[in-house]
1. Can you run phi through the Karplus equation (6.51, -1.76, 1.60; θ = phi - 60°) for the stretch 235-240 and list ³J(HN,Hα) in whole Hz, with x for Gly and Pro?
2. Given the alpha-carbon gyration tensor of the stretch 122-171, what are the semi-axes of its equivalent ellipsoid in whole angstrom, ordered largest first, with each equal to the square root of 5 times an eigenvalue?
3. List, largest first, the extents of the alpha carbons of the chain along their principal axes, each in whole Å.
4. Going by average Cβ neighbours within 10 Å, how do the peptides 182-194, 32-44, 101-113 rank, with the highest at the top?
5. Tell me the Rg and the Dmax, in Å, that the Cα atoms of the stretch 169-246 produce.
6. Please compute the Kirkwood hydrodynamic radius over the stretch 60-191, one decimal place, Å, based on all pairs of different Cα atoms.
7. Output wanted: per-residue J couplings in Hz (rounded whole) for the stretch 153-158, from phi through Karplus 6.51 cos²θ - 1.76 cosθ + 1.60, θ = phi - 60°, x for Gly and Pro.
8. What ³J(HN,Hα) values, in whole Hz, does the Karplus curve 6.51 cos²θ - 1.76 cosθ + 1.60 give for the stretch 62-79 when θ = phi - 60°, with x put for Gly and Pro?
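Only the coordinates and a few stated rules stand behind these numbers; no lab work does. The structure presented is a predicted model; accordingly, all values stated were derived computationally and were not measured. Cβ sites come from the backbone with ideal geometry, for glycine too, and all protein chains shown count toward neighbours.
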Amino acid sequence: MPEIEIYPDTASLALRAAEQFAALAEYATRKRGRFVVALSGGSTPKAMNALLATPRFVDLIQWEKVFVFWSDERCVAPEDPESNYGNARDTLLVHVPIPAANIQRIHGELSPEHAAQKYEDKLREFFAAGPSTRFDLVLLGLGDDGHTASLFPGTHGIRENSRWAVAVNHQEPPLPLVDRVTLTPPIINAAANVTFLVTGSAKAERLRQVLRDPYHPDRLPAQVIRPKNGKLFWLLDDAVAGKIGR
Ligand code: 6PG
């Protein structure tokens, strides 16, 4: 069963997310000497990132032991405003003492298949070398259509069961087709902790469907996220949680 936590506003939700990040980092570095996290794209994590970049969290977290990956990426250059890597770099990574070698971005400037293969190769090499064999934390968001990471309704990544990263073509009308690379369910569901950050009344009905409707991940991809041997958290604000009931 997921742990659902509801906060009165986006600021308190962001604080809880930053505190969870710090607590999981402390635990993982104490147990295994490093903390391995996949950051999410989207706008919701920016408030958490901003908090993690403040002195309290800069001092609290052993950043030299943090290893950063991404849940997904758009196939754009790192300087593009749509780059998930670029956003995390600007809101978080340049403000904390993390070694450049600990940052494993998805190379969005490559062709999607090439970028996905390169990312998969890096993930397999990284986890094969130990000491941890899975993500300590995967951060995710929920899209208006029920997608998470770049697992969009009706796309093949939802049913992927062997590859850890795949290329995705997705069109959000009226925007042009954008290629993306996404982590897949097998690697996300192997994580020790998976945390969704979701806010705003506009997503309230979609969230209700994801949490309360029958399992139909081709229509509601976020439903496919069910950690096998880990914990699943939904950190919500009051506005988005309005329809899920108790
Ligand atoms: C991305 C992610 C996507 C995102 C959700 C929620 O945009 O890079 O692929 O899954 O997390 O769409 O986005 P918001 O946080 O902007 O609502």
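1. Values, residue by residue: 9, 10, 9, 3, 5, 7 Hz.
2. Working from the Cα gyration tensor, I get semi-axes of 25, 14, 8 Å.
3. Its Cα atoms span 41, 41, 34 Å along the three principal axes.
4. Order by mean packing, descending: 182-194, 32-44, 101-113.
5. Taking only Cα atoms of the stretch 169-246, I get Rg and Dmax of 14.1, 40 Å.
6. So the Kirkwood estimate lands at 15.4 Å.
7. Here the 3J(HN,Hα) series is x, x, 9, 5, x, 4 Hz.
8. Ordered by residue, 3J(HN,Hα) equals 7, 4, 5, 10, 9, 10, 10, 10, 10, 6, 6, 8, 8, 7, 9, 6, x, 7 Hz.
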